[in-house]
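Undergrad: Handing you this structure, nothing more for now.
What follows draws every value from the coordinates through simple rules; no lab data is involved. A quick note: this is a predicted structure, and the numbers were derived from the prediction, not measured. Neighbour counts are summed over all protein chains in view; Cβ atoms, including those assigned to glycine, are modelled from backbone coordinates with ideal geometry.
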Amino acid sequence: MPITTLAFDGDDTLWHSETHFAVTTDRMIELVAPWIEGNLAVDALLDVERRNLSIFGYGVKAFILSMIETVIEVTDGQIPSAEIHKMIAWAKELLDHPVELMSDVPATLDAVAGRYQLMVITKGDLLHQESKVARSGLSERFDAIEIVADKDIATYERILQRHGISPSEFAMVGNSLRSDVAPVVALGGWGIHVPFHLTWALEHLENDDLGAHALTAAGLRDVPEILERIGTE
């Protein structure tokens, strides 16, 4: 069946995100350098984030809470309180950072407008994601915007059922194989992977052989042509 609904991820698909997290991680590495080497500090942060994921979820607040916990652990509690306060300021910077669209976003949305029902499906902190959608200037281009705690099979299934969309008529575009492609393909939909040069380690997928319904685009600009190919299969 032809694609009738096209959904886009937000972070690192429509607008930049991970680059800002990477800058903050570099700040943390510098902060704890007297106690621990940089690569070990990053490994420790990932371990804490993995441990906290089911409690804190995704987003800036979860990131900074895990970072604070990491810094306390790797310094054996020796980190001064002033440095903790500095990290809270980093979080505020991330939350207030201007939304920077990917270069091909306007042209891609122009190319698919009127041909598909368009959605944004993005995960993370509700308040921050709502703010980013609003500040992006893109909200009026979409028929629906879904902000979710996680992107798993059950989440996509609920969204599709709520909007009356058959999985076979649905395509999801995003930079994460784990969150944007694999769950949708598992439901019988189409996933279009648009890789970004930075991907959070916890978004990596060990087995990237997801079948014929998982496609890769060199960039957002290639999405309309990929959809055309799907429509002829």
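Undergrad: Per 0.36 nm of contour for each residue apart, how much would the distance between Asp96 and Arg162 grow if the chain were fully extended, relative to their Cα-Cα spacing?
TA: Extra length available between Asp96 and Arg162 comes to 20.6 nm.
Undergrad: If you take every DSSP beta bridge fully contained in the chain, what fraction is antiparallel? Give it as a percent rounded to 5.
TA: Rounded to the nearest five, the antiparallel share is 5 percent.
Undergrad: So what's the gap between the Cα centers of segment 77-119 and segment 169-233, to the nearest angstrom?
TA: If you average the Cα positions of each part, the centres end up 21 Å apart.
Undergrad: Sticking with this structure for a sec: Would you kindly derive the ³J(HN,Hα) couplings of segment 16-24 from the backbone phi angles with the Karplus curve 6.51 cos²θ - 1.76 cosθ + 1.60 (θ = phi - 60°), listing them in order in whole Hz, with x for Gly and Pro?
TA: Those phi angles translate into 6, 9, 4, 4, 6, 5, 5, 4, 5 Hz.
Undergrad: Fewest first, what order do Thr25, Thr108 take by the number of other Cβ atoms within 10 Å?
TA: Taking fewest neighbouring Cβ atoms as first place, the list is Thr25, Thr108.
Undergrad: Something else about it: Expected output is a single nm value to one decimal: the length gained when fully extending between Leu46 and Glu30, i.e. 0.36 nm times separation in residues minus the C-alpha distance. What is it?
TA: Separation in residues times 0.36 nm, less the Cα-Cα distance, equals 4.1 nm.
Undergrad: Sort Trp35, Trp200 by Cβ crowding within 10 Å, fewest neighbours at the top.
TA: Fewest-to-most Cβ neighbours within 10 Å comes out as Trp35, Trp200.
Undergrad: Shape call for segment 18-96 from the C-alpha gyration tensor, a ≥ b ≥ c root eigenvalues: rounded (a/c under 1.5), prolate (a/b greater than b/c) or oblate?
TA: rounded
Undergrad: Moving to a separate point now. With each run of n ≥ 4 DSSP H residues scored as -39500 (n - 2.57), what mean residue ellipticity at 222 nm is computed for the chain after dividing by its residue count and rounding to the nearest 500 deg cm²/dmol?
TA: -14500 deg cm²/dmol
Undergrad: I'd like the distance between the alpha-carbon centres of segment 9-23 and segment 121-168, rounded to an integer number of Å.
TA: Between the Cα centres of segment 9-23 and segment 121-168 lies a distance of 16 Å.
Undergrad: Still on this structure: Please list the non-local residues whose amide H lies under 5 Å from the amide H of Val120, H modeled 1.01 Å from N, same-chain partners needing a gap of 5 or more.
TA: So Val120 has HN proximity to Phe8, Ala144, Ile145, Glu146.
Undergrad: Just want to confirm a number: the relative contact order over the chain, from Cα pairs under 8 angstrom separated by 6+ residues, in percent.
TA: Computed over the chain, the figure is 26 percent.
Undergrad: Could you put Glu169, Glu140, Glu100 in order, starting from the residue whose Cβ has the fewest other Cβ atoms within 10 Å?
TA: Fewest to most other Cβ atoms nearby, the residues stand as Glu140, Glu100, Glu169.
Undergrad: Turning to a different aspect of this structure: Relative contact order (percent) for segment 187-233, with alpha-carbon contacts under 8 angstrom and 6 or more residues of separation?
TA: 48
Undergrad: Which one is right for this structure if Rg/Rh (Cα atoms, Kirkwood Rh) is calculated from it: (i) 1.01; (ii) 0.93; (iii) 0.97?
TA: Read-out taken from this structure: (i).
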